[in-house]
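Note sheet for the following structure.
Every read-out reported here was derived from the displayed coordinates using simple, explicitly stated rules and does not represent laboratory data. Here the structure is a predicted model, which means the values were calculated and not measured. Here Cβ is always computed from backbone atoms with ideal geometry, including for glycine, and neighbour counts include all displayed protein chains.
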Amino acid sequence: MRLRTGIILVAIIGVTMGAGNVFGDDQFIEPRTPPPNPMNVTADALILRPVGLVMIPVMGLVYGISYPFAKAAGNEQETYQSLLGETIDYTFHRPMGRGAPFE
C-alpha cells in the first residue's frame, strides 16, 4: 500500500515537473516592459493626473462652444474624440508613469 502510494506520488511529481517546460518556447512568452521610473510615477500622480482632471471640464466647455460648428461640418464625432476622448483616455486609461511626456 505504501509502495503503491509512493510510486503514484513520484509519478505525479515527475509529470508536473516535466509539464513546466511545455510552454517554455519564446513564442509563448509575452515581452515584459520594465517597470516605470518612480519619479515618473510621482510626477504623474501629483501633477499630470490632477491637470487631466481639470482639463476634462475645460475641454467639455470648448467642445460645447465648438459643437454647432462641428455639427455644421458633419464631424462632431471627430471633434468629441479629439477634445474630450483623448483627454479622458490620457487621464484615466493610461498606466501610471507611462505615456507621452515620459517616452
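Rounded to the nearest 0.05, the FRET efficiency derived from the C-beta distance between R49 and A72 at R0 = 30 Å is 0.30.
So if each residue of separation counts as 0.36 nm, and I subtract the Cα-Cα distance between V41 and D89, what length gain in nm does that give?
Values: separation 48, 0.36 × 48 = 17.28 nm, distance 1.70 nm.
Length gained between V41 and D89: 15.6 nm.
In order along region 74-90, the Karplus-derived 3J(HN,Hα) couplings, from 6.51 cos²θ - 1.76 cosθ + 1.60 at θ = phi - 60°, round to x, 10, 5, 5, 5, 5, 4, 5, 6, 8, 9, x, 5, 5, 5, 4, 5 Hz, and Gly and Pro are given as x.
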